[in-house]
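The values are calculated or read from the model by the stated rules, or taken from the named source; none is laboratory data. None of the values given here were measured: they were computed from a predicted structure. Cβ placement follows ideal geometry from the backbone for every residue including glycine, while neighbour counts extend to all protein chains displayed.
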């Protein structure tokens, strides 16, 4: 297998090489190219390519489905930015702020269709299971987004509710990427399901780490201002777990969350989290779900070399600073 960075580079190169219509249709396709070329971790296509190589040494066959997975991911980000009225994404103006909301919606719809088209570029023998996997998990992503939106109006969210939301909104697409890659590589049904489980658990670990970094990360490396989740009263693992623990600190947290958004609020909430031991608790939960992801990989028929490659991917994601 290649190094993780090499799979990411393959996906990046293919994305950069996409040739979209110009001239009269530039108003539709230019926003798509803009969104796709904004960079990012390219985690989902990397995972799909790794799985295809691990089971069948066939990353070439998997490259367009990998681009399709990334296209779908960026489609969800584009629409999320509209729903959240976000002006920046990865340090650049979002599509709806650079163009307008109607353009963002239409270009996003086009991205969804292109994603399906690219993911369909597989052998006929596996087309049905690949599309079933993609469509099932796309629905889960939408369901997760709806749950996340519902959480905005709930004063408290149970921890299991939050984890279920993460599994849908973040884990489902990682699970689909791992499973589709495995199917392209010729994996058995049992191995493909284990890869799906790996992706789900990796997604939970990834999101909890993201929640942690939004409060305790470094703004220069994280890529966006620290404390955005706190200022927006976004339900994160830290908030949900801290409130569930109860006690005087939880009551203080409730009061702090009602403060006006700004540096003082961020500092106050962060100190409460520190007093409650949330940094260590968050890191322990990241390690817990990382272990579950690794356990799923160990149950596959992959060689030890391939299993180690996925272990390195886990380590890379949970020790990141952005």
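Determine whether the range 159-169 contains at least one residue that is surrounded by fewer than 15 Cβ atoms within 10 Å (Cβ to Cβ), more than 30 Å from residue 63 (Cβ to Cβ) and modelled with pLDDT of 95 or more.
Yes, some residue in the range 159-169 is surrounded by fewer than 15 Cβ atoms within 10 Å (Cβ to Cβ), more than 30 Å from residue 63 (Cβ to Cβ) and modelled with pLDDT of 95 or more.
Restricting the search to the range 19-35, which residues are surrounded by fewer than 21 Cβ atoms within 10 Å (Cβ to Cβ) and either touching a residue at least 24 places away in the same chain (Cβ under 8 Å) or in a helix (DSSP H, G or I) (or both)? If you could, list the steps in order and put the result at the bottom.
Just the residues of the range 19-35 that are surrounded by fewer than 21 Cβ atoms within 10 Å (Cβ to Cβ), to begin with: 19-30, 33-34.
Within the range 19-35, 23, 24, 25, 26, 27, 28, 29, 30, 33, 34 qualify.
Testing residue 48 on (1) under 15 Å from the mean Cα position of the chain (by Cα); (2) within 30 Å of residue 304 (Cβ to Cβ); (3) assigned to a loop (DSSP other than H, G, I, E, B), one condition comes back false. Which one is that?
(3)
If you scan the range 1-17, which residues turn out to be under 18 Å from residue 92 (Cβ atoms) and out of contact with any helix residue (DSSP H, G or I) (no Cβ under 6 Å at 6 or more places or on another chain)?
12, 16
Where in the range 135-242 are there helices (runs of 4 or more DSSP H), lying fully within it, with 1 or more residues that are touching a helix residue (DSSP H, G or I) at 6+ places or on another chain (Cβ under 7 Å) and under 18 Å from residue 115 (Cβ atoms)?
Hits in the range 135-242: 172-184, 189-216.
Taking the condition of being without any contact (Cβ under 8 Å) to a residue 12 or more places away in the chain and either surrounded by 14 or more Cβ atoms within 10 Å (Cβ to Cβ) or in a helix (DSSP H, G or I) (or both), how many residues in the range 87-96 meet it?
1
Hey, among 112, 10, 106, which residue is more than 18 Å from the chain's Cα centre (by Cα), modelled with pLDDT of 90 or more, over 27 Å from residue 320 (Cβ atoms) and in a helix (DSSP H, G or I)?
Working: 112 fails: more than 18 Å from the chain's Cα centre (by Cα); 10 fails: over 27 Å from residue 320 (Cβ atoms).
None of the other options fit; the residue is 106.
Can you find even one residue in the range 244-256 that is buried (at least 22 other Cβ atoms within 10 Å of the Cβ), part of a loop (DSSP other than H, G, I, E, B) and touching a residue at least 12 places away in the same chain (Cβ under 8 Å)?
No: zero hits.
Checking residue 279 against (1) surrounded by 13 or more Cβ atoms within 10 Å (Cβ to Cβ); (2) over 18 Å from the mean Cα position of the chain (by Cα); (3) assigned to a loop (DSSP other than H, G, I, E, B), which test does it fail?
Only one criterion is unmet by residue 279, namely (3).
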